[in-house]
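Written out below as structure tokens is the structure these notes cover.
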Amino acid sequence: MAEPTKTATLAFGDKVIDLPVHSPTLGPDVIDIRKLYAQGDVFTYDPGFTSTAACESAITYIDGEKGELLYRGYPIEQLAEQSNYLEVCYLLLYGNLPNAAQLADFEQRVTRHTMVHEQMHYFFRGFRRDSHPMATMVGVVGAMSAFYHDSLDINDEWQREVAAIRMIAKLPTIAAMAYKYSIGQPFVYPKNGLGYAGNLLHMCFSVPAEEYVVNPVLATAMDRIMMLHADHEQNASTSTVRLAGSSGANPFACIAAGIACLWGPAHGGANQACLEMLRGIGTVDRIPEYIRRAKDKDDPFRLMGFGHRVYKNFDPRAKVMKQSADEVLDLMGIHNNPTLQVAKELERIALEDDYFVSKKLYPNVDFYSGIILDAMGFPTAMFTPIFALSRTVGWISQWKEMIADPTQKIGRPRQLYIGERQRNYIPVANR
Ligand code: CMC
């Protein structure tokens, strides 16, 4: 950590405490309160971490006001246009873009780990057929720690690397297996001659009974979805991975924790929730009713796929995704189905309506990704698993960064206790 350049002074009661202030490469200054409790016998209160940096990181930067997202300094728009998912994985994991030899070596390493241990096939069979693929993924990724004992030692750099490659390589296979299992079709083995995104499509959509040819437009759109979801600094699931990892938990257990957190509808589950909402609205004439509900403080309903904690002008991922959505819908010849009509009208109204404009609630990445995945033929239950496998590289990069950080400590927030003061136990007969 660079030496602090400024000081902030906190005065309360009869105490005056000087706190160091760090200046990041980008973004607002950060007041370092690590010594606050020791010096001032006081905690800070910030549920939801709206003003708290929980770590140092050099991986991803978001400027919510400008609608900017950088992976290792590179704008997401440039990467989405010119790069590909595996190159972005390399960039996130190792800090710089690879040269041709490094990229070829990385692709080879990932490709050679795409199969899962054959015994895992039996493990899947323990799940109910109608399990949500995210439920299966939380279990199976956690269970990787029971299968890959030679990459569990977090203090061994080589084992950390092997665990990282294994997860990046196997998550598409596991997600596709979870899907195939849920629809009663046989598992499809990966085909290493296909690209990373094409392979996912193959494992999800091919069946032994007939030939499946990956459509390059769909493979490119899938690759782009993966790039756009690859990392997003300290969001809820990434923070979960870091918190789980801070105790020394093994990498597979940490990523399983991230998948569990991602599943929530306020986070990665929003893409499924959004498409289900669009279908629930059904027809354009019902939109005003849903807009009214979204604005009603007494109604818990929210417009799924709108709003973001950090982006307050637009979500740069959504811009790229919207373009991809148009390409995929064109290819699939989907121009006017009712869900799409509802989506377009909702987008138009929300971008003009005073409530949404004044609260800066723009369509986020999940609004468009659900539309694309639906057009590709994925059921809604697979939307969040695709987000999860795409985000795995981000989680691992952040986890590796944390493990390598010498100042890393177990995460242990404090609390503002509002419960009973100490009281004496009363035997049940006297209560
Ligand atoms: N529909 C209607 N009103 C909303 C919405 C929405 N989608 N989102 C926020 N608001 C209102 C909210 O009621 C509040 O109003 P007021 O100031 O009058 O109390 C105001 O906007 C600020 O909302 P907030 O809950 O304080 O904002 P937050 O930063 O805590 O929540 C969010 C961010 C993404 C959880 C929220 O906008 C939301 O629930 N959106 C829908 C779910 C969604 O699409 N999530 C995916 C996020 S992008 C992918 C990812 O990163 O996982």
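Numbers at a glance
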{"read-out": "Residues listed by number, the stretch 15-31, amide nitrogen under 16 Å from Glu3 label point at 7 Å toward C-beta", "value": "20-23"}
{"read-out": "Accessible area of Phe147 in the full protein assembly, 1.4 Å probe (Å², nearest 10)", "value": "50 Å²"}
{"read-out": "Carbon + sulfur, % of accessible area of the stretch 294-348 - ligands and nucleic acids excluded, 1.4 Å", "value": "49 percent"}
{"read-out": "Length added when fully stretched, Thr25-Ser358, from 0.36 nm per residue minus Cα-Cα", "value": "116.8 nm"}
{"read-out": "Cβ-placed point charges (K, R +1; D, E -1), dipole of the stretch 267-311 about Cα centre in debye, nearest 20", "value": "140 debye"}
{"read-out": "Helix runs (DSSP H) in the chain reaching 24 Å along axis by Cα, Kyte-Doolittle at least -0.5", "value": "157-183, 383-404"}
{"read-out": "Highest-MSF residue in the chain out of Arg286, Arg112, Arg166 [GNM, Cα springs under 10 Å]", "value": "Arg286"}
{"read-out": "For the stretch 141-234, convex hull of alpha carbons as volume per residue, Å³", "value": "134 Å³"}
{"read-out": "Solvent-accessible area, 1.4 Å probe, carbon plus sulfur percent, for the stretch 179-271", "value": "60 percent"}
{"read-out": "Per-residue SASA entry for Ser239, accessible area with 1.4 Å probe, Å² rounded to 10", "value": "50 Å²"}
{"read-out": "P(r) weight above 37 Å for the chain, C-alpha pairs, percent", "value": "30 percent"}
{"read-out": "Euclidean distance between Cα centres, the stretch 1-48 to the stretch 317-345, Å", "value": "47 Å"}
{"read-out": "The stretch 1-123, relative contact order in percent, only Cα pairs under 8 angstrom and at least six apart counted", "value": "11 percent"}
{"read-out": "Nonlocal amide H pairs with Thr44, under 5 Å, H built at 1.01 Å", "value": "none"}
{"read-out": "In Hz, Karplus ³J(HN,Hα) per residue of the stretch 23-30 (6.51, -1.76, 1.60; θ = phi - 60°; x = Gly, Pro)", "value": "9, x, 4, 9, x, x, 4, 10"}
{"read-out": "Probe 1.4 Å, accessible area per residue of the stretch 250-316, Å²", "value": "45 Å²"}
{"read-out": "Residue (of Leu93, Ala104, Ala135) at the positive-pole extreme of the stretch 70-141, dipole from beta-carbon charges", "value": "Ala135"}
{"read-out": "Rounded FRET efficiency, nearest 0.05, which uses the C-beta distance separating Ala38 from Arg421 and R0 of 25 Å", "value": "0.50"}
{"read-out": "Set of lysines near Lys170 by C-alpha distance (under 25 Å), chain-local residues within fewer than 8 positions excluded", "value": "Lys180, Lys191, Lys400"}
{"read-out": "Centre separation in Å (Cα based) which lies between the stretch 121-165 and the stretch 212-268", "value": "14 Å"}
{"read-out": "The chain: most fluctuating residue of Val141, Val110, Val213 per GNM, C-alpha cutoff 10 Å", "value": "Val213"}
{"read-out": "Calculated [θ] (222 nm, deg cm²/dmol) that DSSP helices of n ≥ 4 give over the chain, each run adding -39,500 (n - 2.57)", "value": "-16000 deg cm²/dmol"}
{"read-out": "Ranking by accessible area, most exposed first, for Ile403, Ile426, Ile174 with a 1.4 Å probe", "value": "Ile426, Ile403, Ile174"}
{"read-out": "Check: the chain dipole with +1 on Lys, Arg Cβ and -1 on Asp, Glu Cβ, in debye", "value": "1240 debye"}
{"read-out": "Heavy atoms of Thr407: accessible area, 1.4 Å probe, square angstrom to 10", "value": "90 Å²"}
{"read-out": "List Lys180, Lys15, Lys66, ordered by accessible area with a 1.4 Å probe, largest first", "value": "Lys66, Lys15, Lys180"}
{"read-out": "Which of Glu211, Glu401 is most accessible, then next, and so on - probe 1.4 Å", "value": "Glu211, Glu401"}
{"read-out": "Amide proton proximity set for Phe306, modelled H, under 5 Å, gap of 5+", "value": "Asn364"}
{"read-out": "The chain - percent relative contact order, Cα under 8 Å, separation 6 or more", "value": "19 percent"}
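The values are calculated or read from the model by the stated rules, or taken from the named source; none is laboratory data. The shown structure was predicted, so the numbers you read here are calculated from the model rather than taken from an experiment. Here Cβ is always computed from backbone atoms with ideal geometry, including for glycine, and neighbour counts include all displayed protein chains. Side chains are part of the model used for accessible areas, which takes the heavy atoms of the whole protein and leaves out ligands, DNA and RNA. Shrake-Rupley method; radii C 1.70, N 1.55, O 1.52, S 1.80 Å.
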